[in-house]
Amino acid sequence: MANIRPFAAYRPAKEYASTIAALPYDVYNRQEACQVVAANPGSFLAIDRAETGFDDTVDTYAPEVYERARQLLADWIAEGRFIRETKPCYYLYELVMEGRHQTGIVACESIDDYLNNVLKKHENTRADKEEDRIRHVDTCNMQTGPIFLTYRSNRTLKELIALKKKDEPIYDFVSEDGIVHRVWIVNEDAQICTITETFQSISEVYIADGHHRCASAVKVGLKRRAEHPAYTGTEEFNYIMSVLFQEDELKILDYNRVVKDLNGLTPQEFLTSIQDRFTVENFSATKPYSPERKGTFGMYLDGTWYKLTAKESLYSGDAVKDLDVSILQDNLLQPILGIGDPKTDRRIDFVGGIRGLEELERRVGEDMRVAFSMYPTSIGELLRVADAGKLMPPKSTWFEPKLRSGLFLHELSE
């Protein structure tokens, strides 16, 4: 059963909240991160990506970068930009995007849930990406970005959330991308007890987004356990700061593909070669094709949009192989375009649906040869894959809106 508990967060003083709140560290490359921090030096990205305080001669992963993050965080706390909660609490974090509301419970979940597969995964992680956050969290002694988790709908928690949201939020602001952010403190003992006990009856929780941050937090916790062999399991380093959302409130956007060349084929040879496995229809030269259902794909080639429909023979009933991202990879990208491993092949790139299909046209006109628009993976598919103990192909899901970093900080030791 899920082992979650409240925590005494460091959080922004109210007047700093909208300035500090930042998109996750991995949304940006170094140049983009530097631009954001230059425009808003009070953004938490200055801490999450502390290389923004150095010129390009300093490596992103140099020891002084992590030390700067630690010192900058200490300075901001000392200056009063952050305050410390007086008791362990839960928090509610609501995000509103284009009229759609989702409200999560901010809490700490045991790293043992991750190790015992109560907290289920659907993606592999890469050691090199983990190492950066391991060093950042360990040096700062603070988890700075929450993990995005989901769980199946629960009536008790729905009712508690609805009741609490009648109170005045402690934060209520609109970020530069138009997302509304609201936060409430759950500090009444009875409500804290209800949340804790309800999760003890929930047998599975799922990572929606943030697999690398989660794996890094777990490894820091294991490192601290090794350093403190008499640990009891109650220390803060045994827990991962998370935001837990009910699955029926979440939306996954499409995660589209662009490929650099046609693997030596002419356009006509390429179109002919895919017809064994897909029905190909000429859609439009002026209007992008956005797939309207599972099993359909848009393809942009030589100024024309095509609609591809996967043939029934491609489906096997397997939770992973029947995902649209797998159908495209296994029946077109790999056998025809020669994209063997999309994690490492530099001929393929991925474009989040938040950028729109016009971005696919732009990329094909600039540095790519062909683009594919995808129907979004569903929450149900994500849960089925995780329940089966399997992993999705890379770049299968794109969640919006993104949780902000800096609104909640979880200290690992006093």
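The values are calculated or read from the model by the stated rules, or taken from the named source; none is laboratory data. Note that the structure is predicted; figures quoted are calculated from it, not measured. Here Cβ is always computed from backbone atoms with ideal geometry, including for glycine, and neighbour counts include all displayed protein chains.
Select from segment 32-59 the residues that are out of contact with any Ser or Thr (no Cβ under 6 Å at 6 or more places or on another chain) and either polar (S, T, N, Q) or outside any helix (DSSP H, G or I) (or both) and list them in ascending order.
Gln35, Asn40, Pro41, Ser43, Arg49, Thr52, Phe54, Asp55, Asp56, Thr57, Val58, Asp59
Which residue pairs have Cβ atoms under 9 Å apart, sit 6 or more places apart or on different chains, and have a first residue in segment 337-352 that is closer than 24 Å to Glu269 by Cα and a second that is basic (Lys, Arg) and not in a loop (DSSP other than H, G, I, E, B)?
Ile339/Arg257; Pro342/Arg257; Ile348/Arg257; Asp349/Arg257; Asp349/Arg363
May I ask you to verify whether Arg49 is of a type in the set (Lys, Arg) and in contact (Cβ under 8 Å) with a residue 60 or more places away in the chain?
Details: of a type in the set (Lys, Arg): yes; in contact (Cβ under 8 Å) with a residue 60 or more places away in the chain: no.
No, not satisfied.
All but one of (1) in contact (Cβ under 8 Å) with a residue 12 or more places away in the chain; (2) more than 30 Å from Lys307 (Cα to Cα); (3) of a type in the set (A, V, I, L, M, F, W, C) hold for Ala208, so report the exception by its number.
Single failed check for Ala208: (2).
Would you confirm whether any residue within segment 331-340 is over 30 Å from Cys140 (Cβ atoms), of a type outside the set (Ser, Thr, Tyr) and assigned to a strand (DSSP E or B)?
Restricting attention to segment 331-340, the residues satisfying the condition of being over 30 Å from Cys140 (Cβ atoms) are 331-340.
Checking which are of a type outside the set (Ser, Thr, Tyr) leaves us with 331-340.
Then keep just the ones that are assigned to a strand (DSSP E or B); that gives none.
No, every residue in segment 331-340 fails to be over 30 Å from Cys140 (Cβ atoms), of a type outside the set (Ser, Thr, Tyr) and assigned to a strand (DSSP E or B).
Inside segment 379-414, can you point out the residues that are surrounded by fewer than 17 Cβ atoms within 10 Å (Cβ to Cβ), part of a loop (DSSP other than H, G, I, E, B) and of a type in the set (Gly, Ala, Ser)?
Across segment 379-414, the qualifying residues are Ala388, Gly389, Ser413.
Determine the pairs where a residue that is in a strand (DSSP E or B), located within segment 126-147, has a partner that is of a type in the set (Gly, Ala, Ser) and modelled with pLDDT under 95 with Cβ atoms under 6 Å apart, the partner being 6 or more residues away or on another chain.
Here the result reads Ile147/Gly210, each pair linking segment 126-147 to a residue that is of a type in the set (Gly, Ala, Ser) and modelled with pLDDT under 95.
Looking only at residues that are assigned to a strand (DSSP E or B) and β-branched (Val, Ile, Thr) in segment 69-104, which one is surrounded by the fewest Cβ atoms within 10 Å (Cβ to Cβ)?
By that ranking, first place goes to Ile83.
Of the residues Leu244, Leu253, which single one is closer than 30 Å to Leu95 by Cβ and touching an Asp or Glu at 6+ places or on another chain (Cβ under 6 Å)?
Criteria check complete, one pass: Leu253.
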